[in-house]
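Encoded as structure tokens, the structure appears first; notes follow it.
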Amino acid sequence: MFNNTRFPRAKKFWYMGKLYDWNHPNIHVMSHALHYGTSVFEGIRAYKTSKGPAVFRLPEHVDRLFHSASTLSMEVPYSKEEITEVIKSIIKENKLESAYIRPLLFYSFGNLGLVPKFSPVELTIGAWDWGAYLGGKTEKGANVYISPWKRIHHSQLKMTAKLGGVYVQSAISGMEARSLGYDEAVFLNLEGNIAEGPGENIFIVKAGVLKTNDKTESVLEGITRASVLEIAKNLGLETHIGLMTKEDFLEADEVFFTGTAIEITPIIRAADGSNPQAEKKEYTIGSGKTGDITQKLAKTFNGAVRGNIKEYEKWLSYAGV
Ligand SMILES: Cc1ncc(COP(=O)(O)O)c(C=O)c1O
């Protein structure tokens, strides 16, 4: 019934207390979330380490799942401790050495009025082997498209929450960028400043200073973002948090995405499609190659997530395989 070719090593998923074969259909087609996007989710990675798979910053991801749930007035049917244990067990169950993990809380079937008052909140968690989000672009660098669609504003929805419905905008803009031949989209916000990618934060480097924005610019303050800021400080880099204009972005020495799925991926070219009335202009960012600071941060990040740097082992939760 389902085509599993994109998830070759995902065998079982967890749903409301039980494991099911990956191809097992089990939610009602009238589930509230399917119709209205009333779901919240997390994207988490586990990495192969010498002590078995380790989940990166698991408590922070579980906390954020609960924060997102509160935005949709969800009563989460499991505790943080239970969810943490299920995440570890699902890695073991699928015999994964490294994994992308997707917990999803959603309003299930009960009623289809816009207010899900009779729709129970359900939880499912899947894990599978997922390589680099943009494939070879993680090394080579990405060519991005500054979207004409402005990011949903923080005065319109709580953008610090991972709300399923918000990702409709991400999916549309991601598809648009790819259909025009770019690797990924970049959103400006309603103020016209740089916001974020469809599922990524953005950093720029100018004259040796590392800069990123925060939630006041309508972005999800990512867990990778926080990790990169901490690594940068420990490496003695000057960091700055504040708004980034489109010009700051286009004229930066280095630019990169951060995110659980994309990890640290340089942006080396950009096309400005932000004004649909104007001709689309193409830009090379910095030297058009991965910059030194990006490389240095990525090297430390990649070592940290794999348990190779003692100072960052505090970020790892071993799945105990
Ligand atoms: C919209 C958006 N911004 C930023 C990020 C990066 O967040 P994190 O580093 O926690 O994955 C994500 C991914 O979760 C996202 O979906």
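Criterion applied to ARG64, ARG151 was being assigned to a loop (DSSP other than H, G, I, E, B), of a type in the set (D, E, K, R), within 14 Å of the ligand (Cβ to nearest atom) and surrounded by 20 or more Cβ atoms within 10 Å (Cβ to Cβ), and the one residue passing it is ARG151.
Here ALA132 clears all of (1) within 15 Å of the ligand (Cβ to nearest atom); (2) part of a helix (DSSP H, G or I); (3) surrounded by fewer than 19 Cβ atoms within 10 Å (Cβ to Cβ) except the condition numbered (2).
Looking across region 269-305, the residues that are within 20 Å of the chain's Cα centre (by Cα) and aliphatic (A, V, I, L, M) come down to LEU297, ALA298, ALA304, VAL305.
Taking the conditions (1) over 22 Å from the mean Cα position of the chain (by Cα); (2) of a type in the set (S, T, N, Q); (3) surrounded by 14 or more Cβ atoms within 10 Å (Cβ to Cβ) in turn, THR71 satisfies each one other than (1).
Matching residues to (1) over 18 Å from the mean Cα position of the chain (by Cα); (2) over 30 Å from LYS88 (Cβ atoms); (3) assigned by TED's automatic domain parsing to the domain that holds ALA252:
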{"residue": "VAL121", "(1), (2), (3)": "yes, no, no"}
{"residue": "VAL144", "(1), (2), (3)": "no, yes, yes"}
{"residue": "GLN156", "(1), (2), (3)": "yes, yes, yes"}
{"residue": "TYR167", "(1), (2), (3)": "no, no, yes"}
{"residue": "GLU184", "(1), (2), (3)": "no, yes, yes"}
{"residue": "LEU188", "(1), (2), (3)": "no, yes, yes"}
{"residue": "PRO198", "(1), (2), (3)": "no, no, yes"}
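Residues that are surrounded by 17 or more Cβ atoms within 10 Å (Cβ to Cβ) and more than 14 Å from the ligand (Cβ to nearest atom) were ranked within region 189-205; the one that is nearest to GLU238 (Cα to Cα) is VAL205. Counting only residues that are in contact (Cβ under 8 Å) with a residue 24 or more places away in the chain and in a loop (DSSP other than H, G, I, E, B), region 135-148 holds 3 of them. Would you say TYR283 is aromatic (Phe, Trp, Tyr), at pLDDT 95 or above, touching a helix residue (DSSP H, G or I) at 6+ places or on another chain (Cβ under 6 Å) and surrounded by fewer than 19 Cβ atoms within 10 Å (Cβ to Cβ)? In short, yes. Filtered by the rule that a residue be at negative phi and either more than 22 Å from the chain's Cα centre (by Cα) or of a type in the set (D, E, K, R) (or both), region 95-109 gives GLU97, ARG102, SER108, PHE109. Exactly one residue among GLU230, GLU254 is of a type in the set (D, E, K, R) and under 24 Å from LYS289 (Cβ atoms), and that residue is GLU254. Annotation for region 137-144: no member residue is within 14 Å of the ligand (Cβ to nearest atom) and modelled with pLDDT under 95. Where helices (runs of 4 or more DSSP H) sit wholly within region 215-319, those with at least 2 residues that are farther than 25 Å from PRO148 by Cα, free of Cβ contacts under 8 Å to residues at least 60 places away in the same chain and away from the ligand (no atom under 16 Å from the Cβ) occupy 292-305.
The values are calculated or read from the model by the stated rules, or taken from the named source; none is laboratory data. All values derive from a computational prediction rather than experimental measurement. Methodologically, a virtual Cβ is constructed for each residue, glycine included, from the backbone with ideal geometry; neighbour enumeration extends over all protein chains shown.
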